[in-house]
Amino acid sequence: MSLISLSNISKIYQMGKVAVPALDNISLTIEQGESVSIIGRSGSGKTTLLDIIGCLSLPTSGEYLLNGNAVSSFSEEALAKIRNQLIGFIFQTFHLLPRQTALMNVSLPLFYNDTPKSERMDRAREALRQVGLSDRENHMQSELSGGQQQRVAIARALVTHPKMILADEPTGNLDSKSGTEIIDLLLELNQSGSTLIIITHDAEVAKRAKRKVIIADGKIV
């Protein structure tokens, strides 16, 4: 059974009286433990596709099976639980809380699933250790470089021990050296068993994954 199975997925946004197609009849299967890049230009539909895979948005038509279960059948509460426990999200903008330390930012997903405080802190410290930031746990966002902020965001994605990591342009706001280090880190996590899906417009980033999916005008090409 595949981790992700998309069959004839389409997504149409209604802009007033105008219907704007974002995805057009996409079918895609991703197995547990794979590393996959989804590459396309701005407006190609790649982020919409990631939103659907990450249960942030439902398709207009088609079927999405996650671990063999139809996502359309899940309640909002069940979808929130999936996003919190099964999926680790990494975005181009780091979405860190500026008035909280790195440790508190990383522990935040565990707060929302009622993990006891002592366990939250232990797991957050371990996640920071995994990304090489044990010595930065008490630093605020303003005290961290761009690459370090992205590592904190990765640690936050890891702290729930997700089955898959969804990274949307994770190197977009970084210099080339920091960007390479971040992709190296994500691929190391993939080697440890996490399914990795990277959305990018950068061909150099895309070719680092074992499988590359090219999307244009809402279709896989």
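The values are calculated or read from the model by the stated rules, or taken from the named source; none is laboratory data. Here the structure is a predicted model, which is why all the values come from computation and not from measurement. Methodologically, a virtual Cβ is constructed for each residue, glycine included, from the backbone with ideal geometry; neighbour enumeration extends over all protein chains shown. Note: accessible area is taken over every heavy atom of the protein model, side chains too, but ligands, DNA and RNA are not part of it. Shrake-Rupley method; radii C 1.70, N 1.55, O 1.52, S 1.80 Å.
Each label point is 7 Å from the Cα along the Cα-to-Cβ direction; what then is the distance between the points at HIS139 and LYS207, in nm?
3.2
Quickly estimate the mean residue ellipticity at 222 nm for the chain, helices only: each DSSP H run with n ≥ 4 gives -39500 (n - 2.57), and the total goes over all residues, rounded to 500.
Values: 7 runs with 76 residues, N = 221.
Calculated from helices alone, the mean residue ellipticity at 222 nm is -10500 deg cm²/dmol.
Using 21 Å as the Cα-Cα cut-off, could you pick out the over-long pairs in LYS177/LYS207; LYS17/LYS219; LYS81/LYS219; LYS11/LYS163?
With Cα atoms farther than 21 Å apart: LYS17/LYS219; LYS81/LYS219; LYS11/LYS163.
Note the full-extension length gain between SER57 and LYS177 as 0.36 nm times their separation in residues minus their Cα-Cα distance, in nm to one decimal.
Details: separation 120, 0.36 × 120 = 43.20 nm, distance 3.32 nm.
Stretched out fully, the SER57 to LYS177 stretch lengthens by 39.9 nm.
Percent of accessible area on the range 1-127 owned by carbon and sulfur, 1.4 Å probe?
52
Using DSSP to define loop residues, name the trypsin sites (Lys or Arg not before Pro) in the range 22-94 whose beta-carbon has at most 14 other beta-carbon atoms within 10 Å.
Qualifying residues, ordered by number: ARG41.
Please report, ordered by residue number, every helix of the chain (full DSSP H runs) that is 15 Å or longer along its axis going by C-alpha atoms and whose mean Kyte-Doolittle hydropathy reaches 1.0.
Passing helices, by number: 102-112.
Calculate the FRET efficiency for ASP217 and ASN84 from the Cβ-Cβ distance with a Förster distance of 30 Å, rounded to the nearest 0.05.
Calculated transfer efficiency: 0.35.
Taking the simple approach of a point 7 Å from Cα along Cα-to-Cβ for both ASN69 and MET1, what is their distance in nm?
According to this spin-label approximation, the distance is 0.9 nm.
Quick check for you: which residues of the range 137-155 have the amide N under 18 Å from the point 7 Å beyond the Cα of SER192 toward its beta carbon?
137, 148-155
With a cut-off of at most 14 other beta carbons within 10 Å, and DSSP calling the residue loop, which GluC sites (Glu not before Pro) in the range 49-121 qualify? Please list them.
Counting only loop positions with at most 14 other Cβ atoms within 10 Å, none of the GluC sites (Glu not before Pro) in the range 49-121 qualifies.
Could you provide, to the nearest whole Å², the per residue accessible area of the chain with probe 1.4 Å?
Value for the chain: 50 Å² per residue.
Can you give me the long-range amide H partners of ASP168? Hydrogens built in the peptide plane at 1.01 Å from N, cutoff under 5 Å, separation of 5 or more residues or another chain.
For ASP168, the qualifying residues are ILE90, PHE91, GLN92, ILE199.
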